[in-house]
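I have placed the structure first, in the form of structure tokens, so that the comments after it can refer back to it.
The values are calculated or read from the model by the stated rules, or taken from the named source; none is laboratory data. Predicted model, so just to flag it, every value in this text is computed and none were measured. In this analysis, Cβ positions are derived from the backbone assuming ideal geometry, glycine residues included, and neighbour counts consider all displayed protein chains. The protein model used for the area step is the full one, side chains on, heavy atoms only, and it has no ligands, DNA or RNA in it. Shrake-Rupley method; radii C 1.70, N 1.55, O 1.52, S 1.80 Å.
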Amino acid sequence: QVQLVESGGGLVQTGGSLRLSCAASGRILSIDPMGWYRQAPGKQRELVATLTSGGITNYADSVKGRFTISRDNAKNTVSLQMVNLKPEDTAIYYCNARGRMSDWPSRRTFDSWGQGTQVTVSS
């Protein structure tokens, strides 16, 4: 199994900044992609940003220019720098990692989620 542990959520005012971090652990061979999703009350979970090991990013239109995703492939970590936060960014943010485990010979695939971290932006 692959475990994801998130940190960095909290309460900020409109226009503030937060940085989320996520670390993956387990028998990991590779992770591709790694990223963040969010779920607001009464809404479906949606993609925020993902980043492949080769550096290809994918951002939701609503966060482009405000959020920046980065990762350390060697440490299996991913971060999300969020600036100019808006009340509509309020949600539980989930880290996600997809890839292959290092067990031999199956090299099983995995699709793991963190427990979620609350981000609240007050107006």
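General observations
- Å² of accessible area per residue within the chain, as computed with a 1.4 Å probe and no ligands counted: 53
- Rounded to whole Å, sorted largest first: equivalent-ellipsoid semi-axes of segment 69-123, Cα gyration tensor: 31, 13, 7
- GNM result for the chain, Cα springs below 10 Å: residue of S17, S70, S102 fluctuating most strongly: S102
- Taking only protein heavy atoms and a 1.4 Å probe, the accessible area of segment 58-121 is 48% carbon and sulfur.
- Kirkwood-type hydrodynamic radius, the chain: 14.6 Å, calculated from all non-identical alpha-carbon pairs.
- Euclidean distance between Cα centres, segment 1-26 to segment 64-90, Å: 9
- Inter-site label distance for A74 and T52 at 7 Å from Cα along Cβ, in nm: 2.3
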